[in-house]
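Reading through the structure tokens given below for one structure.
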Amino acid sequence: MVLSKIASESDVSVHSTFASRYVRTSLPRFKMAENSIPKEAAYQIINDELMLDGNPRLNLASFVTTWMEPECDKLMMASINKNYVDMDEYPVTTELQNRCVNIIAHLFNAPLEESESAVGVGTVGSSEAIMLAGLAFKRKWQNKRRAEGKPIDNPNIVTGANVQVCWEKFARYFEVELKEVKLREGYYVMDPEKAVEMVDENTICVAAILGSTLNGEFEDVKRLNDLLVEKNKETGWDTPIHVDAASGGFIAPFLYPELEWDFRLPLVKSINVSGHKYGLVYAGIGWVIWRNKEDLPEELIFHINYLGADQPTFTLNFSKGSSQVIAQYYQLIRLGFEGYRNVMENCRENMIVLKEGLEKTKRFNIVSKDEGVPLVAFSLRDNHRHDEFEISDLLRRFGWIVPAYTMPPDAQHVTVLRVVIREDFSRTLAERLVNDIQKVLYELDTLPSKLSSNVKAADGEDGKPAETRALESKKSDLEKTREITTIWRKFVTSRKQKMNVVC
């Protein structure tokens, strides 16, 4: 959801050149028009404005799938009018969802008997999946504390500072303290030792990330599990683990099958994964799987019968489309294990092509790891004159959307660029991107530094006393980097505010 606002008080109408053959009057932007307009005009007006959006295929900021096969597109369009929650009316759709849950549970090595069904549910995305998993942990912790006659008013979750914002939302919305393990330069994921040190009797779970948003790195879930097993033995607690595998859940089983991160580890009680990322489905589908029925408290499951039959439901949403569920099942049976492995291996190979191309420029440090989500996170070796935000901005001239951002505490002085390698990002595009980055670097080399005025001041052109100039010239590299980042953030913010105006 985006909080809306009127971008321009003066320009309150929508104008369309081509639509003038159908309508001659302007449409109000923020109020409903009094009269109807022809369908052709409505289409043309909206289509004209949408042309100003970025190209999804060149949006290298996003992990979300931007291409699917035409056959799957047809299935999605054929089911776009089916309400997923009407299980009695659409029993086959419900069956397909159950098949997806079981396929994914087996992929994550859930300890299921031969005829036992997996416990899980399809969600709008990993954000909803994390909310549901967090609620299950909180309720189990509350029930145990009540039975022991202990207070239940101060639950907490231990995570790394690199967690996605949905964890902060869960903590704030459902009144759970978020205890974050700080990062440090060169180590941008949660440290298992520090995480276990922060665990106390009020910890409802420790959340590990399989594929950090910042640099794609897999956290060491096995090390975390082993340390937590020992702590639980020493304290008598039974603190569990949730694995946020939003990005890595559909990568690790195919590229790193020997890596122990899933239900093979005894303390892993639930896992979420985004079907709309490397599950290869368009935006709007996630999954959460529990180890067994005991890990999902029964009181969180609602039963309704006003849609035709008794239907159990455990979601934050109610009505939603069926298309993404059907698309997920299509991908699972269409690709199979071999197909997913081929896609992921291809993504990894293209990631290596991009990484090696950037290394050859000798201008960047690679922040990402070879093992993890196929992406390349990189930072300038020297960002005194120009920084990563400038590169991100100039790349838009070529159509590329490459994000630049600062790391979370305590590595906030590090700024990186990140390119996510999806299925539709080819080797040719990787080579083209490197060429365009080199063009941007060449252009920046010819431009004055954003801090050139400060440099002049340090040289004495401002008439300041020598003592003052000497103090200013002693700014550390860190201070200079922070100053550059602050100036550029203000510039980008002002640009974004201008772009909010509807044209």
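The values are calculated or read from the model by the stated rules, or taken from the named source; none is laboratory data. A quick note: this is a predicted structure, and the numbers were derived from the prediction, not measured. No Cβ is skipped: glycine too gets one built from the backbone with ideal geometry, and neighbour counts run over all protein chains shown. Each accessible area value is taken on the protein alone, full model and side chains, heavy atoms only, with ligands, DNA and RNA left out. Shrake-Rupley method; radii C 1.70, N 1.55, O 1.52, S 1.80 Å.
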Inset, instruction - Using a 1.4 angstrom probe on the protein heavy atoms only, line up E128, E180 by accessible area, largest first. - result: E180, E128
Legend entry - Positive-end residue, region 291-417 charge dipole about Cα centroid, Cβ charges, pick of L316, L354, A404: L354
Legend entry - Cα shape, region 344-446, gyration tensor, a/c 1.5 rule: oblate
Inset, instruction - Please report, in debye to the nearest 20, how large the charge dipole of region 74-334 is about its Cα centre when each Lys and Arg carries +1 at its beta carbon and each Asp and Glu carries -1 there. - result: 500
Inset, instruction - First select every other residue whose beta carbon is under 14 angstrom from the beta carbon of I352; then total the charges, Lys and Arg +1, Asp and Glu -1. - result: -2
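Using packing as a proxy for protection, rank 399-406, 146-153 so that the peptide with the highest average count of other Cβ atoms within 10 Å comes first.
With the highest mean Cβ count within 10 Å placed first, the list reads 399-406, 146-153.
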Inset, instruction - Please work out the C-alpha center-to-center distance from region 426-445 to region 104-128 and express it in whole Å. - result: 42
Legend entry - Partners for K194 among aspartates and glutamates (Cα-Cα distance below 16 Å; same-chain residues under 8 apart left out): E180, E185, E219, D220, D226, E230, D410
Inset, instruction - Taking amide H positions as placed in the peptide plane 1.01 Å from N, state which residues far from G160 in sequence (5 or more) or on other chains have amide H under 5 Å from it. - result: V181
Inset, instruction - State which entries of K39/K82; K138/K179; K140/K320; K82/K169 exceed 22 angstrom in Cα-Cα distance in the structure shown. - result: K39/K82; K140/K320; K82/K169
Inset, instruction - Counting only heavy atoms of the protein chains, get the accessible area per residue of region 286-367 (1.4 Å probe) and round it to a whole Å² value. - result: 50
Inset, instruction - Among V189, A110, I326, pick out the residue whose Cα is farthest towards the positive end of the charge dipole of region 74-334, where Lys and Arg carry +1 and Asp and Glu carry -1 on C-beta, about the Cα centre. - result: I326
Inset, instruction - State the percentage of accessible surface on region 344-446 attributable to carbon and sulfur atoms; use a 1.4 Å probe and exclude ligands, DNA and RNA. - result: 44
Legend entry - Long-range amide H partners of G321 with built H, under 5 Å: Y84
Legend entry - region 74-334 - percent of accessible surface contributed by carbon and sulfur, probe 1.4 Å: 51
Inset, instruction - Provide the per-residue ³J(HN,Hα) series for region 38-49, in order, calculated from phi with Karplus coefficients 6.51, -1.76, 1.60 and θ = phi - 60°, each as a whole number of Hz, with x at glycine and proline positions. - result: x, 4, 5, 5, 4, 4, 5, 4, 5, 4, 4, 5
Inset, instruction - Quick one: which residues, 5+ away or cross-chain, put their amide H under 5 Å from the amide H of I251? H built at 1.01 Å from N. - result: none
Inset, instruction - Assuming a ≥ b ≥ c are the square roots of the Cα gyration tensor eigenvalues, decide whether region 148-191 counts as rounded (a/c under 1.5), prolate (otherwise, with a/b larger than b/c) or oblate. - result: oblate
